[in-house]
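S.K.: Input: one structure, supplied below.
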């Protein structure tokens, strides 16, 4: 029921307002004495060698892509898990889910074999 | 066969002269056009070769008065080689003429010569032809002059007041900006941009002011370029203006965790020059204090190493133990970290009443703690996963790069100066030299942990067998001399007065003395011109070659591994930069 | 519309719970420092008030009055917003957690929870995932190499373990037959799910440590390697906000662990039946226990290496979580 979400909305509003106050508050209180050194990027106290934003190692993104695949699949499993006890016969539901999970794991095995999980 | 005869027979006139030194190390002057062949022969030609480039330094000879038959030279480059198979050293000297001489590099013979030659260039202005990157290493690149040359001022007051206006600060910062191209590093790979990252000097993982510029692909280290010198204080230059006696406190601050382990090689070298033989009590007191400081240094290493791999608690426990140890040091010497307590010809005072109880308590206290740390740190599976197989080098690589101390013993070579060349009476003690086989971060730790136990054994023997006798040698150059003698006749009174007010006059000569310090071999190569100061004092610090080697064992690993490696190498930046 | 029941009570509950959480997070920083200190032969904070009890307040005042530095090279808007996102996400996660039974308060029937929704568990996962935005955006907008590395690590690590979190919860859903957290608590009246799902509990515990960047999986921060990781460029209140978000997350995550695996406020029913407030006390005691576990782990264990941890996630934890799920389903199907 949508009305069930109303308290959560209140809660979210309170949380967000509090966070916003916290983030914006020091602009009112703190001193402001900027210098060029203070405003420089921190790289162990020395001038940075080139910019930080470069084309970066693909490995981090591979995990992200894999995550999206698996996460979408897992969402499908939630309804199954909720009604599992009511399935008749249950073993059929189990078998179906097992096939589904197996396909997922095959995908994982493929990535594994391709070296997609290795860091180089 | 004697190495000097062997070289004479083989190279004939290329061996220009042989020099007498107080330390007995064969010192051969070799013609400038042949010295590379001689060094190559020493490294791999002779049987039982001199495989390690132990030290490489230079001497500005232009103001030296007492050279006793040495060939004419404005500058001398000194190569100090060590043979493990012979347990023998040899020193090769090359005379150079001219104000800014040029000589050949030996970086192709020993990769470890790289930093040493840069240091000599930086300090003396001697150019090494064929060096891959002859840049300043300890001084800022904007520095004018070469500090260890005799014409370079030794005191700040000789240089005019120091000012740092904004423009100068910006210029200096700009000069410290790293340019990958200068080091032959690519900015782009086939399909990625490499990130160049300053790791340090202000970084929690570098144990002090060390900068390592990393070339990263993701988090994988493709290459690393250490940049040292942020902790450089010019200790070698200070030795030329302090008296032999007043330089002792400066030695404490070389490896600032080692305390009297720094005093020891210095006073031993001076005593070798002066021909002082110290009483047995002095020897045993020195051994005991040295071993206490070895434990203190290893405890700091132990805790910080665990901290480096992310374990928060051990460092607090180990520093607490170290404080207990410092309580003993304080009771005996009055100081804690830097007691400056050894003297030329002895130690500063006799042991105080009750010292034995304190030491006994500590001997009972530490072993159970160490046992607990074995479980807490060394036995922890994550700790093992982080350190085993990481940062490994072989024995050959270790020798090639000049690694000494626990880092060498972790590769399986049982080499410890305390056993191989006993000094200060170590031959009278029973202890083992722990070794390990794989040469990785974990094995270096294994060696150090066991060394602490062996040190406790040595301390116990000191405690049980402390000889009676004087705490200072009965020698005119003992500084300060024994007080009770001064009131008897005018001669000893004058000697005392001069020794204290002016400083002892150490006879002209050269001597090197190396000991097994906590981080590796620390050695002092002292040259006296018959004055109250050292004419030249060379500090052979173990951390310098160890840091030089870090890129070799870091390539292909990740940033966390580099931090583990730095922790396992156990260096002190003051020891690297001096 | 019943204004009291449908508007004022939820609003008051929201404000009270947010403030309690805030206080909880703040005092968790104090608690951790105190407990860690005891592990490490130290006293910890002991200057501000008795036992240093006012330390969090002193820290807060200091953070507020510090100079606000927004460096030149950052994406200003995102840089300022990011800590707020982190903090808000952590707070909102708590919205679906029941911390007690229904009680009579001032003549009203009040449930000791903020929201009672059918898809509570999904909501929990969804909002918890939002927290990683705060970290990733903060690290990215800082335009600093350490921050960027931290952010990239955070992105890879948090999403990987979110997956495992999800799968380990599937087994719970399967047993309880509901996504509603109140019902999951009710399900644990006689036995906590820890007993039925020991493996699932372990998987969940590791995943939630990883998800909240806590030691030994504090890899996006890793002082020794990345200085401060994603928050290297943050100072003052914005740093404090990240900091307190992390500690509030510990409190909230402990509440989640307690609710899903340790029987929430209900188990053992012997105690929670005594008095409605006994249930709340039970809940609190369990949360404190899990929090102690957090600190204990932090004080004892070294940090794992990032790439190994990622491999561990995909090659070991993920298949293991699936096995646990299917095994649970099989047991339910055939017994």
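Just so it is clear, none of the values below were taken in a lab; they were calculated from the coordinates. Fair warning: this is a prediction, and the values are worked out from it, not measured in the lab. Backbone-built Cβ (ideal geometry, glycine too); neighbour counts: all protein chains shown.
S.K.: Quick check on the range B:190-322: what does the Kirkwood estimate of hydrodynamic radius come out to from the alpha carbon pairs, in Å?
M.R.: With all distinct Cα pairs of the range B:190-322 included, I get 18.2 Å.
S.K.: Would you order C:205, C:175, B:273 from fewest to most other beta-carbon atoms within 10 Å of each residue's own beta-carbon?
M.R.: By the 10 Å Cβ count, ascending, the order reads C:205, C:175, B:273.
S.K.: Just order C:39-47, B:241-249 by mean Cβ neighbour count inside 10 Å, highest at the front, would you?
M.R.: Peptide ranking by packing, descending: B:241-249, C:39-47.
S.K.: Give me the inter-chain shielding for B:560-572: mean count of other chain Cβ atoms within 10 Å, whole number please.
M.R.: Partner Cβ neighbours, averaged per residue: 2.
S.K.: Exposure proxy check: B:528, C:178 ranked by fewest other beta carbons within 10 Å?
M.R.: C:178, B:528
S.K.: Also: Rounded if a/c is under 1.5, else prolate if a/b beats b/c, else oblate: with a ≥ b ≥ c from the C-alpha gyration tensor eigenvalues square-rooted, which is the range B:21-151?
M.R.: Taking the square roots of the gyration eigenvalues as a ≥ b ≥ c, the range B:21-151 is oblate.
S.K.: Counting only Cα, what are the radius of gyration and maximum Cα-Cα distance Dmax of the range C:64-334, in Å?
M.R.: Computed over the Cα atoms of the range C:64-334, radius of gyration and Dmax are 19.4, 64 Å.
S.K.: Build a GNM of chain A with springs between Cα atoms under 10 Å: which of A:20, A:98, A:64 gets the top mean-square fluctuation?
M.R.: Sorting by GNM fluctuation, first place goes to A:20.
S.K.: Here's another thing I want to ask about it. Going 7 Å from the Cα of residue C:3 along its beta-carbon direction, which residues of the range A:1-20 have the amide nitrogen within less than 14 Å of the resulting point?
M.R.: Within reach of a label on residue C:3, which here means backbone N under 14 Å from a point 7 Å along Cα→Cβ, the range A:1-20 contributes nothing.
S.K.: Shielding of B:314-322 by partners, i.e. mean partner chain Cβ atoms within 10 Å per residue?
M.R.: Mean number of neighbouring Cβ atoms from other chains: 2.
S.K.: Expressed as cubic angstrom per residue, what is the convex hull volume of the alpha carbon set of the range B:320-473?
M.R.: 139 Å³
S.K.: How big is the protein assembly as shown along each principal axis, measuring the range of its Cα positions in Å and listing the largest first?
M.R.: Between the extreme Cα coordinates on each principal axis of the protein assembly as shown lie 109, 66, 60 Å.
S.K.: Averaging over every viewing direction, what projected area does the convex hull of the Cα atoms of the range B:107-217 cover, in nm²?
M.R.: With every direction weighted equally, the projected area is 10.0 nm².
S.K.: In peptide C:325-333, what is the residue-averaged number of other protein chain Cβ atoms found within 10 Å of each Cβ?
M.R.: Taking all residues of C:325-333 together, the mean is 5.
S.K.: Separation between the residue B:555 and residue C:102 pseudo-spin-labels, each 7 Å from Cα along Cα→Cβ, expressed in nm?
M.R.: 7.2 nm
S.K.: Which residues does a label at residue B:66 reach in the range B:308-350, if reach means a backbone N under 20 Å from a point 7 Å past the Cα toward the Cβ?
M.R.: Output list for this probe position: B:344-345.
S.K.: Let me ask something else. Can you give the % of DSSP beta bridges in the range B:3-148 that are antiparallel, to the nearest 5?
M.R.: Of the beta bridges lying entirely in the range B:3-148, close to 75 percent run antiparallel.
S.K.: Tell me the Kirkwood hydrodynamic radius of the range A:2-114 in angstroms, computed as one over the mean inverse distance between distinct C-alpha pairs.
M.R.: 20.7 Å
S.K.: How far apart, in nanometres, would the label points at residue C:118 and residue B:6 be if each is projected 7 angstrom from Cα along the Cα-to-Cβ direction?
M.R.: Using points 7 Å along Cα→Cβ, the separation is 9.1 nm.
S.K.: Now, a different point. Going by how many other Cβ atoms sit within 10 Å of their own, how do C:250, B:549 line up, fewest first?
M.R.: Final ranking by Cβ density, sparse to dense: B:549, C:250.
S.K.: Would you mind checking the radius of gyration and Dmax of chain B based on alpha-carbon positions, in Å?
M.R.: 23.8, 84
S.K.: Looking at the range B:463-578, I'd like the Rg to Rh ratio, where Rg is from alpha-carbon atoms and Rh is Kirkwood's inverse mean 1/r.
M.R.: 1.19
S.K.: Among bridges DSSP assigns within the protein assembly as shown, what percent are antiparallel (round to 5)?
M.R.: If I count the DSSP bridges inside the protein assembly as shown, around 90 percent turn out antiparallel.
S.K.: Can you give me the distance in nm between label points at residue A:100 and residue B:421, each placed 7 Å from the Cα along the Cα-to-Cβ direction?
M.R.: Between residue A:100 and residue B:421, the label points sit 7.5 nm apart.
S.K.: Now for a separate question. Could you state the angle between the C-alpha long axis of helix A:6-24 and the longest principal axis of the C-alpha atoms of chain A, as a value from 0 to 90 degrees rounded to the nearest 10?
M.R.: 30 degrees
S.K.: Just subtract the alpha-carbon distance of residue C:284 and residue C:183 from 0.36 nm times their residue separation and send over the number in nm, one decimal.
M.R.: Value of the extension gain: 34.4 nm.
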